[in-house]
Amino acid sequence: MFKNLTDRLNQTLKSITGQARLTDDNIKSTLREVRMALLEADVALSVVKDFIERVRERAVGSEVNKSLNPAQQFIKIVHAELVHVMGEANESLDLSAQPPAVILMAGLQGAGKTTATAKLARFLKERENKKVMVVSADVYRPAAIKQLQTLGDDVGAVVFPSTVDEKPEAIVLAALSAAKKQHVDVLIVDTAGRLAVDEAMMAEIKQLHAAVNPVETLFVVDAMTGQDAAKTALAFSETLPLTGVILSKTDGDARGGAALSVRHITGKPIKFLGVGEKTDALEAFHPDRIASRILDMGDMLSLIEEVERKVDKDKAEKLAAKLKKGKGFDLQDFRDQLTQMNSLGGLSGLMDKMPGMGQMGGMAGMPGQMNGAENQMAKMGIIIDSMTILERAFPDKINGSRKRRIASGSGTQIQDVNRVLKQHKQMQKMMKKVGAKGGMAKMMRGMKGMMPPGGGGGFPGGMPPGMR
């Protein structure tokens, strides 16, 4: 998300950081470029006008003139105003009501409401330790009911059954009654969507809202629709008392216009971002962190939280103890490290949150390099999975006939198996030197051979600068 905007803003702001001092002229030309960057990112015109005016007022004032480094101060102002336009701070869900706290999900058909319902159920269950029930009131799409049943079971939520023969209001009232009896903390109601905003849809959802009196009414909107997302949210907010927005499919949106427009146009906070297809791909929306990502300052706080949440602590501690005792780093340990990196979104997911790494996506050859590295990591995992327990524990025992069997079992070539063994040797040496301390960071720096040999604007022979 924000890739196009990040690339354009970085180009623009680089020109001003080279200036010894700021003048009306260079501020004016930079703001013109910033304005174009925002419009190209499909940010609503009213938002762009307000943003540029606020930056201009602060940039030509004493705030910049008295600064020791005016150019850096200008970037700081841009960052602060990005935070302001997106809502200042994360606004979490208000679940302080008498259980069950009801969350009503609203939105157009195809926005990702059902998936967002399951993601939110998992988020509340795993991070807030809540007992969650989900129910589908979408009686117009049998597939929606079945989908929520499957996803609800996957994330460990209680799924209240419903059928297309029932009335939506009767379904949600029955679910509410069941939630009380089963001592559920949160009931999430997935409502029907339409292809466009219409009176019948609004009347039905208003009726449901009145029936269950939700503590949160969340509007799910597809980020890829850009500023239209904000306009649709506004239409809903004029009928329903929305408490927040979930931006779905942000992993497919390179522009970011929706994130920068929704709060300003609707006055409603963005509470979550859907960042992938898996049910754990839901992030709380932090305007300050998103602003840092847009300006390619990274988002280390989110990365640290993700590492703490997703990295298997037991395995990490066992590996640390094993290395401390002087035992070797075997192929199973290597496989575990690859799995952990994959759970964090792979190389691209990690680099997206690292300072200065966002620009690399725009470098010649870099997208192909990243894809090649991701594919190489996936292939390595498959090859290790084709080995026996003995072979993983004692790589030196892997002779020619074993290599042929492993290559055949993984659908690869013998040279691919040799490459994995060589890569493991490099990692083994590195782990011996550094121990397990630093785990994932050391692991990433040690993966020099992961990147395919580069040419053009790539990084031959290893990881990009900053990750060596």
task = Using the structure shown, decide if residue 235 is modelled with pLDDT under 85, within 30 Å of residue 48 (Cβ to Cβ) and buried (at least 21 other Cβ atoms within 10 Å of the Cβ).
result = no
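A quick yes/no check of all residues on (1) among the polar types (S, T, N, Q); (2) at pLDDT 50 or above; (3) surrounded by 13 or more Cβ atoms within 10 Å (Cβ to Cβ):
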residue	(1), (2), (3)
362	no, no, yes
375	yes, yes, no
382	no, yes, yes
385	no, yes, no
393	no, yes, yes
417	no, yes, yes
461	no, no, no
task = Quickly run through the stretch 377-394 and pick out the residues that are more than 13 Å from residue 335 (Cα to Cα) and in a helix (DSSP H, G or I).
result = 390
Filtered residue count, the stretch 115-137, keeping only those that are open to solvent by 10 Å² or more (accessible area, probe 1.4 Å) and either of a type in the set (D, E, K, R) or closer than 16 Å to residue 160 by Cβ (or both) = 8
task = Please determine, by comparing only the residues of the stretch 95-114 that are among the hydrophobic types (A, V, I, L, M, F, W, C) and open to solvent by 20 Å² or more (accessible area, probe 1.4 Å), which one is modelled with the lowest pLDDT.
result = 97
Which listed residue, of 139, 186, is under 21 Å from residue 121 (Cβ atoms) and in contact with a strand residue (DSSP E or B) (Cβ under 6 Å, 6 or more places away or on another chain) = 186
inquiry  = Among the residues of the stretch 180-225, what is the count of those that are touching a residue at least 24 places away in the same chain (Cβ under 8 Å) and over 14 Å from residue 270 (Cα atoms)?
reply    = 31
remark   = Going through the stretch 98-134 in order, the residues found to be in contact with a helix residue (DSSP H, G or I) (Cβ under 9 Å, 6 or more places away or on another chain), in a strand (DSSP E or B) and closer than 27 Å to residue 230 by Cα are 102, 103, 104, 105, 106, 134
key: One residue from 82, 68 being part of a helix (DSSP H, G or I) and either of a type in the set (A, V, I, L, M, F, W, C) or modelled with pLDDT of 85 or more (or both)   = 82
task = Check off (1) modelled with pLDDT under 90; (2) acidic (Asp, Glu); (3) open to solvent by less than 20 Å² (accessible area, probe 1.4 Å) for residue 198 and give me the number that stays unchecked.
result = (3)
ask   = In this structure, does residue 166 turn out to be in a loop (DSSP other than H, G, I, E, B) and surrounded by fewer than 22 Cβ atoms within 10 Å (Cβ to Cβ)?
value = yes
The stretch 236-276, residues that are more than 11 Å from the chain's Cα centre (by Cα) and among the β-branched types (Val, Ile, Thr) = 239, 243, 245, 246, 262, 265, 266, 270
request  = Hey, can you tell me all the residues within the stretch 242-255 that are within 17 Å of residue 88 (Cα to Cα), open to solvent by less than 10 Å² (accessible area, probe 1.4 Å) and not aliphatic (A, V, I, L, M)?
outcome  = 244
ask   = So, in the stretch 260-277, of the ones that are outside any loop (DSSP other than H, G, I, E, B) and of a type in the set (Gly, Ala, Ser), which residue ends up surrounded by the fewest Cβ atoms within 10 Å (Cβ to Cβ)?
value = 274
message = Let me spell it out: the conditions are (1) surrounded by 24 or more Cβ atoms within 10 Å (Cβ to Cβ); (2) within 16 Å of the chain's Cα centre (by Cα); (3) in a helix (DSSP H, G or I), and residue 288 meets all of them except one. Which number is the exception?
response = (1)
request  = Would you confirm whether any residue within the stretch 16-38 is in a helix (DSSP H, G or I), modelled with pLDDT under 80 and under 19 Å from residue 293 (Cα atoms)?
outcome  = yes
message = Cβ contacts < 7 Å: first residue on the phi > 0 side of the Ramachandran plot, restricted to the stretch 150-177; second residue surrounded by fewer than 21 Cβ atoms within 10 Å (Cβ to Cβ), any location; separation 6+ or different chain. Result?
response = 156/125
inquiry  = Report every pair of residues separated by at least 6 positions or lying on different chains whose Cβ atoms are under 9 Å apart, first residue within the stretch 403-429 and of a type in the set (Ser, Thr, Tyr), second loosely packed, with under 13 Cβ neighbours inside 10 Å and in a helix (DSSP H, G or I).
reply    = 410/385
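The values are calculated or read from the model by the stated rules, or taken from the named source; none is laboratory data. All values derive from a computational prediction rather than experimental measurement. We place every Cβ from the backbone using ideal geometry, glycine too, and count neighbours over all the protein chains shown. Heavy atoms of the whole protein, side chains included, go into the accessibility calculation; ligands, DNA and RNA do not. Shrake-Rupley method; radii C 1.70, N 1.55, O 1.52, S 1.80 Å.
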